[in-house]
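Novice: Can you read through this structure? Questions will come right after.
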Amino acid sequence: MNKNTNPLTRFFEGLLSDPLNHLVEASMDQGKIPIGYTCSYVPEVLLSVDPLIPVRIRAPGVLSTEIADIYLSSVICSYTRSVLEMAMDDQYSFLKGWVFSASCDHMRRLYDNMKYLNPPEFIHIIDVPHRHGKVSFSWYTDELNMLLENISSHHQIQFSHAALSSAIQDHNEFSAMLTSLGDLRKQKNPPLSGTEFQSIIMASLVAPKHSLLPKIEEFKKSLSGQEGISDYRARLLIVGGQLDNLGYIQTIESTGGLVVADHLCTGSMPGLSPIPLNEDPIQTIAAHYLNRISCPRMMEAFDSRVDEILKSVEEYQADGVIIEFIKFCDTWGIESSLLASALRKKGVPVLCLEREYQMTGEGQIKTRVQAFIESMGK
């Protein structure tokens, strides 16, 4: 594709090069409290109650996991090993707390080792049910209340009804802006690439949203009247778990594939849906986060995940689906083959890509994506 990258994209990408970016640093100078979190089942809206700011945990630029490999098995995914490696090197020392989710065995082992080897000043883990329903909802609500009690006790913060409602309103305003930007990708010739959109999504997970919103609005205005991308070979939808390295999407798009939509835990759908406002913000937040995440760890929801993806394929006119997952990921390792089979039965072309957390095997990925695009006759 010959589209020139928007200059503002470099601003968003610049926020992703290190665990601590200049926007978080500036907010800390103003008395804000950065709290790291590791999973989409940790409601970032709760960590947005003033003066808290949520920071999604990433491990950009880690070159090896020599120290982490001593404590974590070699069949533990490279995301958790990379995070532990950087934590042992004090790369996250700026954080004033960590919030984990017991989303998988790998994440639990990361939590155990963090607590034992290099404990942060505040550390908490949320236990998340594997099913939906009344019992699960009550369980998850109790877990969120315990989280707020512990944060409140440690950082002397009051999670009042007004404070929670304000955080929800801010979340909805920000999500609406990102949704309107993402909707542009439905066009036949979208004015932005998948790499550009993902750079904004990832920036929104690691930097204060109030600081980002003006830049995103400026970016959207700059797209007005701009010539769209027309020289792509195929429109693609990406499905999978943790994907915070833009290099993978850049590699896919360098082959002529245009990423027009995604179902990623670090992506845009269904993570940008608004949170309703009512008299009980905690219950509303619990219902929103428990029910909106399309994750393989949720049992009995496979058919709904397939339906969501098929709906997006039609809505974004995707020619094919790429399922990506990190090597040794238990949940996505099982889900990928089942999901690929279900989608193919519906006539959707599918490519499964097993990868490492850090960017490796670029040439092989290019070859496989090129072959996938050619197999669709594109």
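Novice: Looking at segment 280-304 only, could you name the residues that are more than 25 Å from Ala203 (Cα to Cα), in contact (Cβ under 8 Å) with a residue 60 or more places away in the chain and out of contact with any His (no Cβ under 8 Å at 6 or more places or on another chain)?
Specialist: Those that are more than 25 Å from Ala203 (Cα to Cα), in contact (Cβ under 8 Å) with a residue 60 or more places away in the chain and out of contact with any His (no Cβ under 8 Å at 6 or more places or on another chain): Ile282, Gln283, Thr284, Ala287.
Novice: Considering segment 243-267 alone, what residues qualify as being crowded, with 22+ Cβ neighbours inside 10 Å and of a type in the set (Gly, Ala, Ser)?
Specialist: Gly257, Ala261, Gly267
Novice: Ok, one more. Test Leu8 against the stated conditions and say whether it is hydrophobic (A, V, I, L, M, F, W, C) and crowded, with 20+ Cβ neighbours inside 10 Å.
Specialist: Here the answer is no, as Leu8 does not meet what is asked.
Novice: Still on this structure: Looking only at residues in segment 327-368 that are buried (at least 20 other Cβ atoms within 10 Å of the Cβ) and of a type in the set (Phe, Trp, Tyr), which one is nearest to Ile252 (Cα to Cα)?
Specialist: This residue is Tyr357.
Novice: Hey, among Ser304, Ser294, which residue is touching a Ser or Thr at 6+ places or on another chain (Cβ under 8 Å), part of a helix (DSSP H, G or I), under 18 Å from Thr331 (Cα atoms) and among the small types (Gly, Ala, Ser)?
Specialist: Matching residue, one of Ser304, Ser294: Ser304.
Novice: Among Ile151, Ile157, which is the only one that is modelled with pLDDT of 95 or more and under 21 Å from Ala286 (Cα atoms)?
Specialist: Ile151
Novice: Give the residue that is surrounded by the fewest Cβ atoms within 10 Å (Cβ to Cβ), with candidates limited to residues of segment 74-95 that are touching a helix residue (DSSP H, G or I) at 6+ places or on another chain (Cβ under 9 Å) and charged (D, E, K, R).
Specialist: The extreme case among them is Glu85.
Novice: Hey, among Ile229, Ile216, Ile200, which residue is under 13 Å from Phe12 (Cβ atoms) and touching a residue at least 40 places away in the same chain (Cβ under 8 Å)?
Specialist: So the residue among Ile229, Ile216, Ile200 that is under 13 Å from Phe12 (Cβ atoms) and touching a residue at least 40 places away in the same chain (Cβ under 8 Å) is Ile200.
Novice: Does segment 218-237 contain any residue that is at pLDDT 95 or above, of a type in the set (A, V, I, L, M), surrounded by 23 or more Cβ atoms within 10 Å (Cβ to Cβ) and under 24 Å from Ser17 (Cα atoms)?
Specialist: No.
Novice: Another question, if that's okay. Considering only residues that are closer than 21 Å to Asp142 by Cβ, buried (at least 21 other Cβ atoms within 10 Å of the Cβ) and of a type in the set (Val, Ile, Thr), which ones fall in segment 284-326?
Specialist: Correct list: Ile285 only.
The values are calculated or read from the model by the stated rules, or taken from the named source; none is laboratory data. Note that the structure is predicted; figures quoted are calculated from it, not measured. Backbone-built Cβ (ideal geometry, glycine too); neighbour counts: all protein chains shown.
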